[in-house]
Amino acid sequence: MDMIYLDTVDRYNELFGLETLHPLVSVIDLSKATKLPTHFTLNYGVYALFLKEVKCGDIRYGRQIYDYSEGTVTSFAPGQVVETEFATGIKPSAYGILFHPDLIKGTPLGRDIKQYSFFSYASNEALHLSEEEKEIFLDCLKKIKIELNHPIDNYSKRLISKNIELLLDYCMRFYARQFITRSFVNKDILTKFENLLDEYFTDNKAQAEGLPSVKYFADKVCLSPNYFGDLIKKETGKTAQEYIQNKIIDLAKEMILGTEKTISQISYELGFQYSQHFNRIFKKNVGYTPNEYRRLQI
């Protein structure tokens, strides 16, 4: 099976036999596809969001399984590779949008695109929409489609970009709602995170592997780093990185006051490669260097 590099919007439309109205953006309705490849791999060079109008099967979050009949939104960003297989004899029902990074260059959306972290979520972290949310999603697509059918003028790029931004902002809101409605599952993941963080230091992993990363814990709970980070932020008000750093500072304080180890020993046991780095981080968080903190407490 060959990999298809999706470097243009037209390449996607060609694949499914759809019309291209604009070289940099396309609103997709797969029910109108005149060609239907059954198994293919796409290397995305564009941004894409799809609302799949199908009943989802079992979706697992932690140890819980949910059965959804709502529409499911999946999103992709340039650089992602996705393998897709359509069931034989079943025509897909999906609506979405593809847009090339060049479309948003020089616009507010171009500057802020990185804030839409859901583009880097894994497929099992998809967005599940209620009927009302689905209507809003489709209405945003409709507005973009109207602009694509309108003769290009001085306002076209701005209005298309603004409407895409509106769609992405709604998706951010829907994800925030999803984090809340899954809060009991999120608590389970937060508890796991706390236990894994404790184990990282009690098992001396820090000395062997260095400072713990967000990716390390995300992998342990089977989530993408972005989804994991957003979930922790929603639950605690702190980023996952801040949460990890707070743990390190708490442990450092205990070791500085409760042991006679040198600052270099403490920094090494906490996973720092250089004690100067540890001194800098500690002072930034506590207001004193580790040695000053020890002297003040004595």
Query raised in the report: Quick one: if you stick a label point 7 Å off each Cα along the C-beta vector at N149 and I249, how many nm between them?
Result: 5.6 nm
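By average Cβ neighbour count within 10 Å, what is the ranking of 82-92, 207-217 from highest down?
Per-residue Cβ counts within 10 Å, averaged per peptide and sorted highest first, yield 207-217, 82-92.
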Report summary line: quick note, the chain, DSSP beta bridge pairs, % antiparallel (nearest 5) is 85 percent
Query raised in the report: Once the dipole of segment 218-298 is set up with Lys and Arg at +1 and Asp and Glu at -1 on Cβ about the Cα centre, which of T236, F278, Q265 lies farthest towards its positive end?
Result: F278
Report task. Would you mind checking the pairs K187/K238; K52/K192; K35/K162; K205/K233; K192/K238; K134/K162 and listing those with alpha carbons more than 21 angstrom apart? Result -> K52/K192; K35/K162; K205/K233
Report summary line: Note on the chain: helices (DSSP H) long enough, at least 24 Å by alpha carbon along their axis, and hydrophobic enough, mean Kyte-Doolittle at least -1.0, are 131-149, 156-181, 183-202, 240-258
Report summary line: With the dipole of the chain defined by +1 on each Lys or Arg Cβ and -1 on each Asp or Glu Cβ, the option from Y47, Y293, V185 whose Cα lies farthest towards the positive pole is Y293
Query raised in the report: Short version: what are the Cα gyration tensor semi-axes of the chain, square root of 5 times each eigenvalue, largest first, in whole Å?
Result: 46, 21, 17
Report task. Grab the Cα-Cα distance for K220 and T20, subtract it from 0.36 nm times how many residues apart they are, and report the gain in nm with one decimal. Result -> 67.8 nm
Query - Rounded to the nearest 20 debye, dipole of segment 109-161 from Cβ charges on Lys, Arg, Asp, Glu - result: 360 debye
Requested in this report: Give me the aspartates and glutamates in straight-line cross-link reach of K261: C-alpha distance below 13 Å, same-chain residues under 8 apart excluded.
Outcome: E269
Query raised in the report: Reachable aspartates and glutamates from K114, Cα under 14 Å, same-chain residues fewer than 8 places away excluded?
Result: E165, D169, D230
Requested in this report: Determine, from the Cβ-Cβ distance of L166 and E260 and an R0 of 51 Å, the FRET efficiency 1/(1 + (r/R0)^6), rounded to the nearest 0.05.
Outcome: 0.30
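Per residue, how large is the accessible surface of the chain? Use a 1.4 angstrom probe and give square angstrom.
On a per-residue basis, the chain sits at 54 Å².
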Requested in this report: Please name which of P78, G110, I144 has its Cα lying farthest along the dipole of the chain towards the positive end, using unit charges on Cβ (Lys, Arg +1; Asp, Glu -1) and the Cα centre as origin.
Outcome: G110
Query raised in the report: Stretch H39-D2 to full length: gain in nm at 0.36 nm per residue minus the Cα-Cα span?
Result: 12.3 nm
Query raised in the report: Can you give the relative contact order of the chain as a percent, counting alpha carbon pairs under 8 Å and 6+ residues apart?
Result: 14 percent
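As an exercise, use a Förster radius of 30 Å and the Cβ-Cβ distance of K283 and A208 to find the FRET efficiency, rounded to the nearest 0.05.
0.70
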Query raised in the report: Using a simple spin-label model with points 7 Å from Cα along the Cα→Cβ vector, what separation in nm is obtained for T239 and Q273?
Result: 2.0 nm
Report summary line: Two pseudo-spin positions, 7 Å from Cα along C-beta at Q80 and at R177, lie apart in nanometres by 2.1 nm
**Report entry** Fraction of accessible area attributable to carbon and sulfur, the chain (%, probe 1.4 Å)
**Finding:** 50 percent
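The values are calculated or read from the model by the stated rules, or taken from the named source; none is laboratory data. Values in this document were obtained by computation on a predicted structure and should not be read as measured data. Glycine also receives a Cβ, built like all others from the backbone with ideal geometry; neighbour counts cover every protein chain displayed. Heads up: the accessible areas ignore ligands, DNA and RNA and are worked out on the full protein's heavy atoms, side chains in. Shrake-Rupley method; radii C 1.70, N 1.55, O 1.52, S 1.80 Å.
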